[in-house]
Amino acid sequence: MASSGPRLAQVSASRPRRLLILAEGHSADPHFGKTARGVLRYRREQVVAVLDSERVGETEDGLPIVSTVEDGLRFEPTTALVGVATQGGRFPAAWRELLRSSIASGLDVENGLHEFISDDPELVELARRSGVELRDLRRPPAGLSVPTGENLTHPAKVVLTVGSDCAIGKMTVSLELDAEARRRGVASEFVPTGQTGMAIAGWGIAVDAVVADFIAGAAETLVLEGVSRGGELLWVEGQGSLLHPGYSGVTLGLVHGSAPHAFVLCHQVGQTVIDGDPRFPIPSLRELVALHERLALIPRPARVAAIALNTRDVDEDAARAAIAAAEAETGLTADDPVRFGAGRITEIVLETVVETH
């Protein structure tokens with residue numbers, strides 16, 4: 001990335017990162033607890049305990065679940081990570097005491113909500129007295145602007161995950177394909193565009209908090225950062241959906257700013273409408289392929305290389321049938337990279353990007 005560009009948020013702290021995940025009421029929830037669950041899956045080695053008073057005495061992936069910050073201190077955390085998403089991105093009133101307790105106990109706090117703790121005078125003063133850091137993952141870096149055109153001139157190949165809806169696994173697919181590419185010896189880099197991806201990767205920009213005019217520029221900045229980190233194949237984490245009535249803008253900004261050479265289209269098996277709203281039916285997979293290819297950046301035509309299905313709500317026989325049906329409908333490779341492994345999709349993506357210029 002050019003030295004004159006914006007400085008990206010770095011999640012890495014000045015001391016070892018030992019996480020107490022604050023997941024009050026949502027540690028088992030795949031939607032509202034997605035940050036907690038994502039970090040547990042992909043940065044398990046950094047987590048020492050999970051806080052959720054509704055599940056005290058249970059474990060999560062072998063880790064203890066505690067009821068209070070004080071109870072969690074015996075596991076020697078250094079950082080409290082806000083592991084939940086909330087309606088409107090703001091803290092419920094009851095969470096204020098959790099934040100105070102974490103800070104007063106000497107823990108840094110990482111927060112991915114839209115409400116910034118580093119703008120709260122009381123918490124800032126408490127952090128100063130306690131000698132800890134408050135890190136707001138969604139605070140955009142200064143200096144963002146529109147794309148410069150460097151998104152079309154760098155040497156890496158870029159793959160963007162896109163989806164038929166929000167919260168169906170675009171980040172997970174990107175991480176699984178990145179891991180598989182690395183296993184094959186590819187200089188691969190996951191490019192985080194949201195707070196959970198940032199908490200996992202340790203850097204990035206939460207593009208849903210960027211001024212609309214600069215989303216494409218932020219995506220370009222992220223791609224160039226991925227190149228500077230040695231990435232020859234970049235997996236850009238998708239956000240939103242072109243079909244979503246509220247979050248389509250961020251998707252289009254990512255498409256045009258990251259300028260991908262290929263897409264991986266994600267879809268949840270059995271879902272027929274957007275966000276449970278029958279006014280917004282999901283078109284066929286074939287139509288979705290055509291839509292994304294049509295909206296690619298004009299100087300960088302991009303094909304949908306594969307279909308990544310989320311089959312978590314169906315049994316194995318139904319999952320395999322859905323994969324076969326998706327392949328028959330689109331003529332593309334389809335699979336569930338979490339359930340059945342990322343090998344088949346990674347293989348076809350590598351073949352696709354090699355053919356692009």
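The values are calculated or read from the model by the stated rules, or taken from the named source; none is laboratory data. This is a predicted model, so every value here is computed, not measured. FYI the Cβ positions are ideal-geometry reconstructions off the backbone, even for glycines, and counts take in every protein chain you see. Quick note on the areas: whole protein, heavy atoms, side chains included, nothing else; ligands and nucleic acids left out. Shrake-Rupley method; radii C 1.70, N 1.55, O 1.52, S 1.80 Å.
Could you list, ordered by first residue, the pairs with Cβ atoms under 9 Å in which the first is in region 279-302 and free of Cβ contacts under 8 Å to residues at least 40 places away in the same chain and the second is surrounded by 11 or more Cβ atoms within 10 Å (Cβ to Cβ) and among the small types (Gly, Ala, Ser), at least 6 apart or interchain?
Glu293/Ala302
Taking region 142-163 as the search range and keeping residues that are over 21 Å from the mean Cα position of the chain (by Cα) and outside any loop (DSSP other than H, G, I, E, B), which one is nearest to Ala181 (Cα to Cα)?
Selected residue: Leu152.
Output the residue which, of all residues in region 136-162 that are of a type in the set (Gly, Ala, Ser) and either out of contact with any strand residue (DSSP E or B) (no Cβ under 7 Å at 6 or more places or on another chain) or closer than 22 Å to Gly112 by Cα (or both), is most open to solvent (accessible area, probe 1.4 Å). Walk me through how you get there before you give the answer.
Keep residues of region 136-162 that are of a type in the set (Gly, Ala, Ser), which gives 142-143, 145, 149, 156.
Adding the requirement that they be either out of contact with any strand residue (DSSP E or B) (no Cβ under 7 Å at 6 or more places or on another chain) or closer than 22 Å to Gly112 by Cα (or both) leaves 142-143, 145, 149.
Working: Ala142: 86, Gly143: 65, Ser145: 58, Gly149: 29 Å².
Only one residue tops the list, namely Ala142.
Picking from Ala93, Ala127, Ala104, Ala85, which residue would you name as being farther than 28 Å from Tyr42 by Cα, without any contact (Cβ under 8 Å) to a residue 60 or more places away in the chain and open to solvent by less than 30 Å² (accessible area, probe 1.4 Å)?
Ala127
Of everything in region 303-331, what is part of a helix (DSSP H, G or I) and touching a residue at least 24 places away in the same chain (Cβ under 8 Å)? Give them in sequence order. Explain how you work it out, then say what you get.
Of region 303-331, the ones part of a helix (DSSP H, G or I) are 316-330.
Across region 303-331, the qualifying residues are Ala318, Ala319, Ala322, Ala326, Glu329, Thr330.
Give me the residue from region 164-188 that is more than 16 Å from the chain's Cα centre (by Cα) and not in a loop (DSSP other than H, G, I, E, B) and, out of that set, surrounded by the fewest Cβ atoms within 10 Å (Cβ to Cβ).
Checked region 164-188; the qualifying residue surrounded by the fewest Cβ atoms within 10 Å (Cβ to Cβ) is Arg183.
Under 6 Å by Cβ, and 6 or more places apart or on different chains, what pairs join a residue from region 138-152 that is over 17 Å from Thr193 (Cβ atoms) with one that is open to solvent by less than 30 Å² (accessible area, probe 1.4 Å) and assigned to a loop (DSSP other than H, G, I, E, B)?
Gly143/Pro6; Leu152/Ala259
Is there a residue in region 239-251 that is more than 21 Å from Gln195 (Cα to Cα) and touching a residue at least 60 places away in the same chain (Cβ under 8 Å)? Talk me through it step by step, then tell me what you get.
Taking region 239-251 as the starting set, the residues that turn out to be more than 21 Å from Gln195 (Cα to Cα) are 243, 245.
The next check asks that each one be touching a residue at least 60 places away in the same chain (Cβ under 8 Å); those that pass are 243.
Checking region 239-251: at least one residue is more than 21 Å from Gln195 (Cα to Cα) and touching a residue at least 60 places away in the same chain (Cβ under 8 Å).
When residues of region 107-124 are filtered for being part of a helix (DSSP H, G or I) and open to solvent by 30 Å² or more (accessible area, probe 1.4 Å), how many remain? Write out each step before concluding.
Restricting attention to region 107-124, the residues satisfying the condition of being part of a helix (DSSP H, G or I) are 117-119, 121-124.
From what's left, open to solvent by 30 Å² or more (accessible area, probe 1.4 Å): 118-119, 121-122, 124.
Count: 5.
For region 315-347, which residues satisfy the criterion of being hydrophobic (A, V, I, L, M, F, W, C) and crowded, with 18+ Cβ neighbours inside 10 Å? Full working, then the answer.
Filtering region 315-347 down to residues hydrophobic (A, V, I, L, M, F, W, C) leaves 318-319, 321-326, 328, 332, 334, 338, 340, 342, 345.
Ala319, Ala322, Ile323, Ala326, Leu332, Ala334, Val338, Ala342, Ile345, listed by residue number.
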